[in-house]
Amino acid sequence: MSDLLLLAGVALCLLSVVLAIVQLLQTQPPRAAALAFIAGIFLLFVGAWTSPEPFGPSSIPAALQSVTGGTPAP
C-alpha cells in the first residue's frame, strides 16, 4: 500500500508542474497545480509514514519495481 501512495504522490507532483505551465500559458492563476502539488506531497508523507522500512530517494524506484513486478536493474 505504501508503494502505491509513494508513486501516486510522485505522479501528482509531476502533474502539478505540467498543470502550472498550462495554466500560466493561459494567463490563469495556477490553483489546480498548487492543489495537485499539495496532494502529492501529502501522499508522499503518508506513503513514507506507512512504510515499514526507512524512506529515502532509492525508495521511489524500488516502489515502482514492486508495483510493476519488474526485475531490479543491475
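The values are calculated or read from the model by the stated rules, or taken from the named source; none is laboratory data. Worth saying up front: this structure is predicted, and the values here are computed from it rather than measured. Glycine gets a Cβ as well: all are built from the backbone with ideal geometry, and neighbour counts include every protein chain shown. Surface areas here come from the heavy atoms of the whole protein model, side chains and all, with no ligands, DNA or RNA. Shrake-Rupley method; radii C 1.70, N 1.55, O 1.52, S 1.80 Å.
Residues Leu35, Leu44, Leu64, Leu24: which one is among the aliphatic types (A, V, I, L, M), part of a helix (DSSP H, G or I) and open to solvent by less than 40 Å² (accessible area, probe 1.4 Å)?
Details: Leu35 fails: open to solvent by less than 40 Å² (accessible area, probe 1.4 Å); Leu64 fails: open to solvent by less than 40 Å² (accessible area, probe 1.4 Å); Leu24 fails: open to solvent by less than 40 Å² (accessible area, probe 1.4 Å).
When all the criteria are applied, what remains is Leu44.
If you check Pro57, Pro74, Pro29, Pro52 for being at pLDDT 85 or above and exposed (fewer than 14 other Cβ atoms within 10 Å of the Cβ), only one passes: Pro29.
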